[in-house]
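Chemist: I have a structure I would like to understand better, so I am pasting it below and will then ask my questions one at a time.
The values are calculated or read from the model by the stated rules, or taken from the named source; none is laboratory data. Keep in mind it's a predicted model, so treat the numbers as computed, not measured. Positions of Cβ are generated from backbone atoms using ideal geometry, with glycine treated the same way; all protein chains shown enter the neighbour counts. Surface areas here come from the heavy atoms of the whole protein model, side chains and all, with no ligands, DNA or RNA. Shrake-Rupley method; radii C 1.70, N 1.55, O 1.52, S 1.80 Å.
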Amino acid sequence: MISRRSLLQVAAVPAAAATTSAAAPKNLVIASSNGPDCCRLAMEMLQAGKDTLDAVVAGVTLVEDDPRDTSVGYGGLPNEEGVVELDASVMHGPSRRAGSVASLRNIRNPSQVARLVMTQTDHIMLVGEGALRFARAHGFAEQNLLTEQARLAWLVWKQSLRDAGGWNNWAPGLDAPDPAPQAWLRERFPGATAEMLAWAWEVARHPPTGTISCLALNARGEMSGVTTTSGLAWKIPGRVGDSPIIGAGLYVDQDAGAAGSTGRGEENIRVAGAHTVVELMRQGRSAKEAVLETLRRVSRNYGDNLAKLGRFDLNFYALRKDGDYAGGSLWDANVTGSRRVRRQFAVNDGGASRLEDCAYLYERRP
Ligand code: GLY
């Protein structure tokens, strides 16, 4: 348990240096930590003179198509019924336009559908069945987005649920020859390694809210952004997080800067996080100050109660029009057992993509 005293001590620790200033706009792409490849491709497109929005959408498409990323697109973890539902939003700085989709099923690239909502309709947001019909009308192929890995995790989650008597209808019953927990899963998924089962157990107990957000600035000072996700694992069907909400999961203002978010969307929506970050940068704050101040508002919503705040994480990425940038997290690290992984974000300023440490509000104690 972290005491109030340790909160004050931690708050006094200077946040990690995660900000760089530049005098004039230059090609620059930042993304959440799952985005080094995304940043590389987006940078190549900026260097080839492509539009900033096309660059970031092409970048996140790599991740939406990658079944190994279980928080985005194809292979994303499903809702409580085992159905993958995707959310995404885009904003284009130069034209000041936006588009988004939410609860989209069967289409692996929601960011591309969001871009079409922006360019081909007089609306900003389409959801559910309407979003699917719109995607179909534009020639997107439908497919089952639930990979075997994601289905394994979903079944482990269902098996982890218990009624008051410790019973679960989704695990073998009294008459089963081997009642050992998870033995039937090993039988059902003989190819699953012990490592994969351990991962599935971890995401069953701690439903993740991974996502990718990517922001770009080009040498002409033009900016765009995209955020795309499969949302909270095991969510109630129809749950929409922050990613497709313009002003929460993403905001771009060509006059000031861009911001995106990953992590628990419910907390972000309550502070209109991405808009708040951009607004603070407009008022002259650095990207790092803007993300930390926005995180302080999230913390204040819980009266700075670290026990409650410790139950989730939230990350912001900020890119100012002058090239100043930062990533910021509520917590310094993700801790699983004895494993501690520092919160980072991806950056590409023209060479190879790299990961930089996020600034943060609080330190997780073992
Ligand atoms: N930030 C992703 C979500 O909460 O859905």
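Chemist: In debye, nearest 20, what is the charge dipole magnitude of segment 188-274 about its Cα centre with +1 on Lys and Arg Cβ and -1 on Asp and Glu Cβ, if you could check?
Modeler: 360 debye
Chemist: In segment 226-341, carbon and sulfur make up what percent of the accessible area (probe 1.4 Å)?
Modeler: With neighbouring chains kept in place, the figure for segment 226-341 is 45 percent.
Chemist: Would you please put 42-52, 317-327, 161-171 in order of how densely packed they are, using the mean number of other Cβ atoms within 10 angstrom per residue and starting with the highest?
Modeler: 317-327, 42-52, 161-171
Chemist: ³J(HN,Hα) across segment 342-351 via Karplus (A = 6.51, B = -1.76, C = 1.60, θ = phi - 60°), whole Hz, x for Gly/Pro?
Modeler: Values, residue by residue: 4, 5, 9, 9, 9, 9, 9, 10, x, x Hz.
Chemist: Using alpha carbon centroids, what distance separates segment 164-241 and segment 253-287, in Å?
Modeler: Cα centres, segment 164-241 to segment 253-287: 28 Å.
Chemist: May I ask you to compute the full-extension gain from D66 to R96, defined as 0.36 nm times their residue separation minus their alpha-carbon distance, rounded to one decimal in nm?
Modeler: Here the answer is 7.8 nm.
Chemist: Ignoring ligands, DNA and RNA, what accessible area per residue does segment 268-338 give at 1.4 Å, in Å²?
Modeler: Averaged over the residues of segment 268-338, the accessible area is 37 Å².
Chemist: Follow-up. At what distance in nm do the modelled label points of R133 and E202 sit from each other, each positioned 7 Å from its Cα along Cα→Cβ?
Modeler: 4.3 nm
Chemist: Quick one: helix 273-282 against the long Cα principal axis of the chain, what's the angle to the nearest 10°, folded into 0 to 90?
Modeler: On a 0 to 90 degree scale, this one is about 20.
Chemist: From the backbone phi of segment 333-341, what are the Karplus-calculated ³J(HN,Hα) couplings (6.51 cos²θ - 1.76 cosθ + 1.60, θ = phi - 60°) in whole Hz, Gly and Pro given as x?
Modeler: 8, 9, 10, 10, x, 8, 8, 10, 10
Chemist: Additional query: Could you give the length gained on full extension between K26 and K50, defined as 0.36 nm per residue of separation minus the Cα-Cα distance, in nm?
Modeler: Result for the pair: 7.2 nm of gain on full extension.
Chemist: Tell me the angle of helix 110-120 to the major Cα principal axis of the chain, expressed in degrees between 0 and 90 and rounded to the nearest ten.
Modeler: It is inclined by approximately 40 degrees.
Chemist: Heavy-atom accessible area per residue, segment 82-142, 1.4 Å probe: how many Å²?
Modeler: It amounts to 41 Å² per residue over segment 82-142.
Chemist: Given charges of +1 on the Cβ of Lys and Arg and -1 on the Cβ of Asp and Glu, with all other atoms neutral, how large is the dipole of segment 308-366 about its Cα centre, in debye to the nearest 20?
Modeler: Here segment 308-366 has a charge dipole of around 400 debye.
Chemist: Report the one residue of A346, G327, N305 whose Cα lies farthest in the direction of the positive end of the charge dipole of segment 230-366 (charges on C-beta: Lys and Arg +1, Asp and Glu -1; origin at the Cα centre).
Modeler: The Cα lying farthest towards the positive end belongs to N305.
Chemist: Okay, helix-only estimate at 222 nm for the chain: each DSSP H run of n ≥ 4 adds -39500 (n - 2.57), divide by all residues, round to 500 deg cm²/dmol; what do you get?
Modeler: Using -39500 (n - 2.57) per qualifying helix, the result is -9500 deg cm²/dmol.
Chemist: Set the Förster distance to 41 Å, then compute FRET efficiency between A183 and A219 from the Cβ-Cβ distance, nearest 0.05.
Modeler: E between A183 and A219, to the nearest 0.05, is 0.10.
Chemist: State the answer as a single residue: which of L295, A248, V117 lies farthest towards the positive end of the charge dipole of the chain, with beta carbon charges of +1 for Lys and Arg and -1 for Asp and Glu, about the Cα centre.
Modeler: So the residue furthest toward the plus end is L295.
Chemist: In addition: Counting only protein heavy atoms and a 1.4 Å probe, tell me what percentage of segment 113-169's accessible area is made up of carbon and sulfur.
Modeler: Carbon-and-sulfur percentage of accessible area, whole number: 51.
Chemist: Ok, one more. How many nm separate the modelled label positions at N144 and D175, each set 7 Å beyond the Cα in the direction of the Cβ?
Modeler: Calculated label separation equals 2.8 nm.
Chemist: Counting pairs of alpha carbon atoms under 8 Å apart in space and at least six apart in sequence, what relative contact order in percent does the chain give?
Modeler: Result for the chain is 24 percent.
Chemist: So if I place +1 on the C-beta of Lys and Arg and -1 on the C-beta of Asp and Glu, and nothing else carries charge, what would the dipole magnitude of the chain be about its Cα centre? I want it in debye, nearest 20.
Modeler: 820 debye
Chemist: Please list, in order along segment 127-142, the HN-Hα scalar couplings obtained from phi with the Karplus expression 6.51 cos²θ - 1.76 cosθ + 1.60 (θ = phi - 60°), rounded to whole Hz, x for Gly and Pro.
Modeler: 10, x, 4, x, 5, 5, 4, 4, 5, 4, 4, 9, x, 6, 7, 8
Chemist: Of L215, W154, M196, which is farthest on the positive side of the dipole of segment 151-237, counting Cα position, with +1 on Lys and Arg Cβ, -1 on Asp and Glu Cβ, and the Cα centre as origin?
Modeler: L215
Chemist: Sort I236, I107 by accessible area with a 1.4 Å probe, largest first.
Modeler: I236, I107
Chemist: Here's a follow-up. Can you tell me the convex hull volume per residue for the chain, based on C-alpha atoms, in Å³ to the nearest whole number?
Modeler: Cα-based convex hull of the chain, divided per residue, equals 144 Å³.
Chemist: Still on this model: Enter the Cα centre distance for the pair segment 74-120 and segment 291-366, rounded to the nearest angstrom.
Modeler: About 24 Å separates the Cα centre of segment 74-120 from the one of segment 291-366.
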